[in-house]
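Below is one structure, written out as structure tokens; the observations come after it.
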Amino acid sequence: MAQLHRIRVYETPDLFAEYYGESYLSRRYVFSASHRLHCVSMSPEENRAVYDKCNNPHGHGHNYFVEITVAGKRDPLTGMICNLSDLDAFVNERIVERFGHEHLNTLPEFNGIVPTTENLCIEIYNIVKRGFHHAAIEKVRIEETALNSFEYAGGQEIRY
């Protein structure tokens, strides 16, 4: 006998709610940014071998689709985990405006680390965790391309 694992209801393509024991709210945002994948502790040859065309000295850009998922108890009065306006305002101010139309390598957040999608995802997760107090951050998912995405839900990270 099969058991129901999860219910996901889309309000729009960029907004959905889920329930599987707890309630979750996910919202998608988009921003454009450029980066160069280059590790200063590797030789130019090693960088080209590891990062290939993404090691272009002039960088390259992406339209990053960022999905923020928050969790919490549903307010019995409003029926919401958190006010979507609060989440939108926070993400637009702290993430979209911060990283949008920037060359990620030049930002202090990536001083000493390669601005991969993985590291960008972790940075965004930490921004939400530190600053958004209306609901608990569950995870961040970033689509860098139609074929490449990364998801982060917290944990111990090693910085090189």
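For the reader, a short list of remarks on this structure follows.
- Candidate aspartates and glutamates - alpha carbon under 14 Å from LYS73, same-chain residues fewer than 8 apart omitted: GLU18, GLU22, GLU138
- Distant-in-sequence amide contacts of TYR64, defined by a placed amide H-H separation under 5 Å and a gap of 5 or more residues or a different chain, comprise PHE31, SER32, ALA33.
- Annotation: the antiparallel percentage among DSSP beta bridges lying fully within the chain is about 95.
- Rg and Dmax of the range 67-125, both derived from C-alpha coordinates alone, stand at 14.9, 47 Å.
- Accessible carbon and sulfur surface of the chain relative to its total accessible area, %, 1.4 Å: 51
- Per residue, the chain exposes 62 Å² of solvent-accessible protein surface, assessed with a 1.4 angstrom probe and all protein chains in place.
- Amide H to amide H distances under 5 Å link ALA136 with ALA71, where only residues 5 or more positions off or on other chains count and H is placed in the peptide plane.
- Shape call, the range 24-69: gyration tensor on alpha carbons, a/c limit 1.5: prolate
- Counting only DSSP H runs of at least 4 residues, each contributing -39500 (n - 2.57), and dividing by the residue count of the chain, the helix-based mean residue ellipticity at 222 nm comes to -5500 deg cm²/dmol.
The values are calculated or read from the model by the stated rules, or taken from the named source; none is laboratory data. The shown structure was predicted, so the numbers you read here are calculated from the model rather than taken from an experiment. Please note that ligands, DNA and RNA were not included when accessible areas were found on the heavy atoms of the full protein model with its side chains. Shrake-Rupley method; radii C 1.70, N 1.55, O 1.52, S 1.80 Å.
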